[in-house]
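Take a look at the structure set out below.
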Amino acid sequence: MELARLDSLVPRGWARPAVSVGNFDGVHRGHQVLVEVAVRDARSLGGTAVVLTFDPHPSHVLSPDRAPSALMTVEQKAEVLAGLGVDKLAVLPFTPELSQETPDEFVRLVIEATLGAQLVVVGSGFRFGHRRAGDVETLERLGRERGFRVHAVEPALHEGAPISSTRIREALARGDVEAARILLGRAFFVDGTVVPGEGRGRRLGIPTANLDLVNETLPGGGVYAGRFRGLRADTGEPRPAVVNVGRRPTFGGGRVTVEAHVLDYEGDLYGRPVRLEFLVRLREERRFPGAEALVAQIRQDVARAREVLEKA
């Protein structure tokens, strides 16, 4: 799949594009419905399945004080979308100038002139243009004028409410990675690089990999059972892990860190790009009276992680 950054609005020349438009943060199950429709429609046209998204998220420009943290990077988004059959991910920089464009201007400049869409797939509640003035009806009118069709898709529901990135962030904030997994349709993951820590885990007999992350969003503080894998071909086999997200209060606290104890693994991980998948929350993070009590609890965490991961 090609990741195309639309830094200049020039015609892309893609064959008969079916374009799905949205933020697609998390590429959750609701997004997946839109993508499946776009891919299916593109194949029926003998054309190109395109996802059009924005970077940064529009809220970072329109209301930065209330902007949510992103669930994934653009590169992670491209990876997941490629697995769904998307041919092109078109990333449009969201700027103050873009936010001022009317619905007509956005369609003329981006949908028509740059992408050459023959079909546009959006959610039924889709809004676009300056002050969100355009809706599906607007898009359908512009499509009739400019020669593309519109396919509006009803939202995917879970427990009677639409699946959304906001619901996923709320689940993660309370540490409910299992609820997040249901909404995402896969485990929530973060990517990063293993960096040197204080070496305390190794001295305690439970070595951990400390991560410098590329992701903005983390699950709430606590201890999790998950999977750890390298992002290179020679380290790609997923391994069970116990992951701590928090401030390490037993040793005085501090900034939030993420560290993983990889089960049944010995070796040097420093400098390696890795991925952590969060599957089950084992417990909250808490302060222990000393290192001995902490080690005893971690050993219980490891045993519990083995148990739950066998069933995951």
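Some values worked out for this structure:
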{"item": "Share of Cα-Cα pairs in the chain lying beyond 29 Å, as whole percent", "result": "43"}
{"item": "Dipole magnitude of the chain about its Cα centre (Cβ charges: Lys, Arg +1; Asp, Glu -1), debye to nearest 20", "result": "560"}
{"item": "Pairwise FRET efficiency - R286 versus S63, Cβ, R0 = 45 Å, nearest 0.05", "result": "0.80"}
{"item": "R132/A293 FRET efficiency (R0 51 Å; Cβ-Cβ; nearest 0.05)", "result": "0.40"}
{"item": "Extension gain from Q300 to Y270, taking 0.36 nm per residue of separation minus the Cα-Cα distance", "result": "8.2 nm"}
{"item": "DSSP bridge orientation in the chain - percent antiparallel, rounded to nearest 5", "result": "60"}
{"item": "Whole-Å distance, taken between Cα centres, linking region 129-197 and region 30-59", "result": "12"}
{"item": "Debye, to nearest 20: dipole size of region 265-312, +1 on Lys, Arg Cβ, -1 on Asp, Glu Cβ", "result": "180"}
{"item": "16 Å reach of a label modelled at A113, 7 Å along Cα-to-Cβ, counting backbone N of region 1-16", "result": "6-13"}
{"item": "Highest-first arrangement of 27-38, 239-250, 148-159, where packing means the average Cβ count within 10 Å", "result": "27-38, 239-250, 148-159"}
{"item": "Cα centroid of region 1-29 to Cα centroid of region 269-289, whole Å", "result": "34"}
{"item": "Kyte-Doolittle mean at least -1.0, axial Cα span of 18 Å or more - DSSP H helices of the chain", "result": "29-45, 291-311"}
{"item": "Linear extension gain, R146 paired with L9, 0.36 nm per residue minus alpha-carbon span", "result": "47.6 nm"}
{"item": "Listed peptides 262-272, 186-196 by packing density, highest first (mean Cβ within 10 Å)", "result": "186-196, 262-272"}
{"item": "Only Lys, Arg (+1) and Asp, Glu (-1) charged, at Cβ; region 185-312 dipole about Cα centre in debye", "result": "280"}
{"item": "For the chain, with +1 on Lys and Arg beta carbons and -1 on Asp and Glu, the positive-most of S164, P103, G123 along the dipole", "result": "S164"}
{"item": "Two-site FRET efficiency, R247 against H158, from Cβ-Cβ distance with R₀ of 30 Å, rounded to 0.05", "result": "0.40"}
{"item": "Estimated D of region 188-311 in µm² per second, where Rh is the Kirkwood radius over Cα pairs and Stokes-Einstein applies at 4 °C, 1.567 mPa s", "result": "89"}
{"item": "Amide H within-cut-off set for F188, under 5 Å, with H built and near neighbours excluded", "result": "R181, F278"}
{"item": "Whole-number percent relative contact order across region 14-155, with pairs defined as alpha carbons under 8 Å at least 6 apart", "result": "28"}
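Every number here is computed from the coordinates shown, using simple stated rules; none is lab data. Fair warning: this is a prediction, and the values are worked out from it, not measured in the lab. Note that we place each Cβ from the backbone using ideal geometry, even for glycine, and neighbour counts take in every protein chain shown.
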